[in-house]
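The values are calculated or read from the model by the stated rules, or taken from the named source; none is laboratory data. Because the structure is predicted, anything quoted here is derived from the model rather than measured. In this analysis, Cβ positions are derived from the backbone assuming ideal geometry, glycine residues included, and neighbour counts consider all displayed protein chains. SASA here: full protein model, heavy atoms, side chains in, ligands and nucleic acids out. Shrake-Rupley method; radii C 1.70, N 1.55, O 1.52, S 1.80 Å.
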Amino acid sequence: MNALLQELSKLTRRGKVLWLTTFVFSIALLLFGVFNLVPQEKNANAIPVELNADESPGVGIFPEEDFSTYFPTNSPTLSPSIEETANYADTTTYHPTVTATASVEPTQQPVASPLSFRPSMQTDVPSREPSQIPSQSTTTFSPPTISPTMSPSAFPIAHPTHVPTSSSSTTTPTWSSSPSTTNMPTQAPLFPTHAEPNQSIPTFFNYNTSQGSRYGPHRWSNVTILNSTNYWDEFGFVENECSKGAQSPIDVCTQPVRHCEEYHEFRAKRGDFKISSEVVEKQILPNKLRALMMRRVGDEPDPPHVDFSGVGYANLDLLNIDIKIPAEHLICGERYDGEMQYYFFHPVKQSLIAVSWLFEAKPGNLVNQHMQLMIDEFQKVYEGNEESCEANMTTIQNQSDTSAGNGNTTSTSTRALGSSRNRRTKKEREPIWDPFHSDIQRTIHFWGYRGSLTEPPCSPDSVLWRIMDVPVPISQDQLLQMKNILFNNRDRDSCAFTSTHYKESVARPVSKSIRYYKCTRSDYVSDDERDLCGDLGCQLPYGKDLNRYFEPVVYVTGPPSESPTPLPSIIPTAD
């Protein structure tokens with residue numbers, strides 16, 4: 001040190017300043033280098049083990065976790081190709097989207113799989129080389145769903161995906177609560193809705209409930225009623241009143257507000273009509289299947305007739321039976337598969353009485369043999385219209401071919417006829433068709449109210465409705481057969497489709513609730529049960545003609561002044 005000071009004393013003042021400046025600068029460089037190495041050395045010590053390409057991470061933050069989706073490759077990452085994006089369609093709810101251009105620079109931080117739900121760690125200083133551990137996301141993460149989606153496969157799949165994906169212009173993955181079904185293939189309806197006429201037809205109406213329809217139920221008040229085409233003219237209902245008064249159908253349920261107006265079951269007589277005879281005209285109309293009964297002249301013919309309780313008149317003849325698909329009336333919000341309506345006319349009250357039976361086509365239901373007798377007759381009409389239409393088309397084709405010098409007479413139509421697989425195959429004596437057969441009438445109790453017709457002219461307060469509380473069982477094949485007859489029928493001359501259904505429905509929408517009542521066992525029991533056990537009925541309840549008792553669809557609570565309808569003490573089981 002003394003030698004150094006002696007050498008310094010020999011220097012000039014200018015030399016001393018230059019030497020001191022060099023010394024201070026050297027000390028500064030030394031200190032800067034030492035402090036600059038400290039963070040790197042600390043970062044290197046943060047990795048306790050070195051991972052090889054063939055090794056798994058082992059037990060870490062999340063034990064027994066497959067970290068294959070977290071670790072990036074050692075090479076720069078590229079955006080997926082267009083083919084690879086098809087793999088994301090296999091996921092049900094999560095659809096990441098990517099840009100079409102690929103990056104040629106290595107990623108600054110490895111990114112976990114977009115389908116993973118685990119957070120990852122983040123290094124303190126970003127590196128230009130891919131890191132060996134996953135980076136830690138700075139954003140919050142959502143927990144996995146009950147059924148998490150699978151990670152996309154590494155290779156594009158050859159088969160079409162089950163769930164379509166929607167494209168996005170952003171690179172941020174999108175999350176939806178349900179998969180998009182915009183591009184899913186749709187199956188053509190079995191009974192397509194027919195187009196509305198282009199020209200204005202004042203008397204035409206249909207069941208199109210869309211806002212743009214010119215002829216749907218919300219436009220029925222504009223329909224012109226002509227006596228020549230109005231069936232209800234026979235009973236004095238000639239004025240369009242579709243926007244007036246209490247309108248049918250309605251939704252009936254468990255809380256009627258009126259008292260039952262009946263004191264015994266309605267007493268029906270089947271008459272002597274055969275369903276295949278000419279006294280019953282079978283019609284396939286645009287909005288219904290109708291069986292029209294010949295009117296009584298004197299004592300004969302003897303159509304089915306009923307003695308209704310509480311209406312002050314005995315033995316009203318059955319006028320017509322209308323079948324609508326699906327049901328028009330609802331029970332506690334449920335719409336049944338169909339509705340069969342029996343119409344009678346009360347000459348004193350100048351009102352119609354309509355008895356409504358609901359069809360129920362549950363899977364596994366057997367064929368209702370008595371109903372099949374009627375369905376077969378409508379099938380004959382349907383096939384007759386088809387044959388006439390085919391013959392007319394063949395005649396037109398023959399004339400066209402003859403004028404063109406071609407003698408080919410093969411029909412050009414390939415449309416299949418309706419199914420008649422349920423038709424009776426044996427030649428047997430036809431029984432008299434009973435509208436109140438036990439295969440149809442399974443109850444004597446009903447909901448009742450005063451309403452309207454369910455089609456123009458919609459005359460309010462003109463119909464005393466009775467909706468029976470036990471449905472009529474039919475098979476699914478029978479329901480399909482009736483749909484085919486009604487929705488696929490063609491005019492026998494023009495071959496034009498006649499149905500006015502909308503999405504397989506000729507049911508008028510329900511209107512606001514009307515005050516209704518419900519007749520139950522607390523009001524009356526069947527005549528046979530009364531004769532056997534008295535007015536209160538038997539401990540083991542019976543149905544009409546002492547047949548099996550069927551429970552109603554729902555049990556109701558009577559009007560406020562009455563107690564709830566008691567349940568039967570014993571419910572018989574099926575044999």
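For the peptides 354-364, 477-487, the ranking by mean Cβ contacts within 10 Å, running from highest to lowest, is 477-487, 354-364.
Couplings for the range 235-248, taken from phi via the Karplus curve 6.51 cos²θ - 1.76 cosθ + 1.60 with θ = phi - 60°, read 10, x, 9, 10, 9, 5, 10, 5, 10, 10, x, 7, 10, 9 Hz in order; Gly and Pro are left as x.
Please find the FRET efficiency linking S277 to V257, where r is the Cβ-Cβ separation and R0 is fixed at 56 Å, and quote it to the nearest 0.05.
Working: r = 44 Å, r/R0 = 0.78.
Efficiency at R0 = 56 Å is approximately 0.80.
Grab the beta carbon distance between E383 and D535, set R0 = 41 Å, and tell me the FRET efficiency rounded to 0.05. Spell out each step's value before the answer.
Details: r = 51 Å, r/R0 = 1.25.
E(calc), rounded to 0.05, equals 0.20.
Ranked by the mean number of other Cβ atoms within 10 Å of their residues, highest first, the peptides 206-216, 370-380 fall in the order 370-380, 206-216.
Taking a ≥ b ≥ c as the square roots of the eigenvalues of the Cα gyration tensor of the range 257-363, is the shape rounded (a/c under 1.5), prolate (a/b larger than b/c) or oblate? Kindly include the intermediate steps, with their values, before the conclusion.
Values: a/c = 2.05, a/b = 1.11, b/c = 1.84.
Oblate shape, in that a/c is at least 1.5 and b/c is the bigger or equal ratio.
For the peptides 329-342, 540-553, the ranking by mean Cβ contacts within 10 Å, running from highest to lowest, is 329-342, 540-553. Computed from Cα atoms alone, the Kirkwood hydrodynamic radius reported for the range 299-345 is 12.6 Å.
Using a/c under 1.5 as the rounded threshold, could you call the range 230-269 rounded, prolate or oblate? The axes a ≥ b ≥ c are square roots of the C-alpha gyration tensor eigenvalues, and prolate needs a/b larger than b/c, oblate otherwise. Before the final figure, lay out the partial values.
Numbers: a/c = 3.05, a/b = 1.39, b/c = 2.19.
Oblate shape, in that a/c is at least 1.5 and b/c is the bigger or equal ratio.
Across the range 282-292, coupling constants 3J(HN,Hα) worked out from phi with the 6.51/-1.76/1.60 Karplus curve, θ = phi - 60°, read 9, 10, 9, 9, x, 10, 5, 9, 10, 10, 9 Hz, and Gly and Pro carry x. Accessible area ranking (1.4 Å probe, heavy atoms, ligands and nucleic acids excluded), largest first, for Y555, Y231, Y313: Y313, Y555, Y231.
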